[in-house]
Amino acid sequence: MPKDDPKPEGLRARKRRQTLQRIAEVGLKLFQAKGYEAATLDEIAAAAGISRRTFFYYFKSKDDILLAYLDGFTDALKASVLESSSAGAPLDVARDAVLKVVARSEPTQTIATVRLVRDSKAMRARGQAGYLQREQALHAALCELWPGKARREGLRFVAMASMGATRLAVDTWLAHGGKRPLANYIQDAFKTLKAEIC
C-alpha cells in the first residue's frame, strides 16, 4: 500500500517556524555585532519585532538561540545518513553525511556561531555536549542502515571516530581563520583517520 504524502504545513505551523527562524537570525546577528554576553533578550525581541513574552514562547534563553542553530546540524546529519544509498563502509557514509551537512551551511555564519559558542563560558560546555548529541544521532542513523545487535558496538566506534575527526577539522578550520572550505579539512581529517586505523 503506498504511503500517503506528508501533510502540508498549515498556516499556524508556518508562521511559528518563520517567527522562530527570524528570532534566531536576529539573535545571531546581534551576538556577532555586540558579543554574546552583551546582547540582551530585550534587544533581540525588539529587533525581531516581538515582545519579551513572545520571545519566551519560542526560546527559554538566549543560549537556546545558539543551540537551535547547532541542533540543526544534528538533525541534518541524521537525515543525511538515512538518505544515503551508498553501499560503502560505515565510515565513508558518515564522512559523506558530514560533508553534505557542511555543504548546506553558510560558512561565514557557521564560523561566527562556532566562535561565539567557544568564546562564551556559559556556552562552551553546552557546545561540547553538542558533539555528543551528534555522535549519538550518527550512531542511531548508522544502526538503521546496518541493523543487527552484532554491529552496534562497531558502529558506535565509527560514530565516535567520525565526530572526533569532524571536531578536529572544525578546530583546524577555525585556527586557520576559515581560509579554506571546511569540507577540505573534513576530508583531510577522515583521510588521516582511515590511514591510522587501516
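Note on the stretch 124-151: residues that are among the basic types (Lys, Arg) and touching a Leu at 6+ places or on another chain (Cβ under 9 Å) amount to 3. The requirement of being modelled with pLDDT under 90 and not β-branched (Val, Ile, Thr) is satisfied by residue 119.
In the set (1) open to solvent by less than 30 Å² (accessible area, probe 1.4 Å); (2) closer than 30 Å to residue 151 by Cβ; (3) modelled with pLDDT under 90; (4) not aromatic (Phe, Trp, Tyr), the condition left unmet by residue 66 is number (2).
Scan the stretch 163-198 for residues that are farther than 16 Å from residue 92 by Cβ, of a type outside the set (Gly, Ala, Ser), surrounded by 15 or more Cβ atoms within 10 Å (Cβ to Cβ) and touching a residue at least 24 places away in the same chain (Cβ under 8 Å) and jot them down. Once the filter is applied, which keeps residues that are farther than 16 Å from residue 92 by Cβ, of a type outside the set (Gly, Ala, Ser), surrounded by 15 or more Cβ atoms within 10 Å (Cβ to Cβ) and touching a residue at least 24 places away in the same chain (Cβ under 8 Å), the stretch 163-198 yields 167, 170, 173, 174, 182.
The values are calculated or read from the model by the stated rules, or taken from the named source; none is laboratory data. Computed from a predicted model, the values in this text were never measured in an experiment. Reconstructed Cβ throughout: ideal geometry from the backbone, glycine too, with neighbour counts over all protein chains shown. Surface accessibility is based on the protein's heavy atoms, side chains included, excluding ligands, DNA and RNA. Shrake-Rupley method; radii C 1.70, N 1.55, O 1.52, S 1.80 Å.
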